[in-house]
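Heads up: the structure comes next, in structure tokens.
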Amino acid sequence: MKVNENSTLAEIVADSLAEEILHKHGVPCVTCPYAAQEMNTLTIGQVSKIYELNLPAILKDLNK
């Protein structure tokens, strides 16, 4: 699956390597209980905007 800004966190973390990449880029608390409630609705684009993260760099690493 190619990850884009509309990919949900649930879709992304289905790949076992993705969580490490998200942590590397400063995506906070991917596995905390609060995030677990929103994993199916929050997109990586939304999270990047909220936390002012570098979305192109995140997408590049996730799609390697």
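A short reminder: the numbers here are calculations on the coordinates, not readings from a lab. Bear in mind that the values here come from a model prediction, so they are computed numbers and not experimental data. Glycine gets a Cβ as well: all are built from the backbone with ideal geometry, and neighbour counts include every protein chain shown.
In this entry, segment 9-62 is assigned a mean projected area of 3.2 nm², taken as a quarter of its C-alpha convex hull surface. Count Lys and Arg as plus one, Asp and Glu as minus one, and take only other residues whose Cβ is under 12 Å from that of Leu22; the net charge is then -3. With the charge dipole of the chain set up from +1 on Lys and Arg Cβ and -1 on Asp and Glu Cβ about the Cα centre, the Cα lying farthest toward the positive end among the listed residues Thr43, Leu62, Leu9 is that of Leu62. Net charge dipole, the chain: roughly 160 debye, given to the nearest 20, about the Cα centre with Cβ charges of +1 for Lys and Arg and -1 for Asp and Glu.
Using a Gaussian network model on the chain with a 10 Å cutoff between Cα atoms, which of Leu53, Leu17, Leu42 fluctuates the most? Its mean-square fluctuation being the largest, the pick is Leu17.
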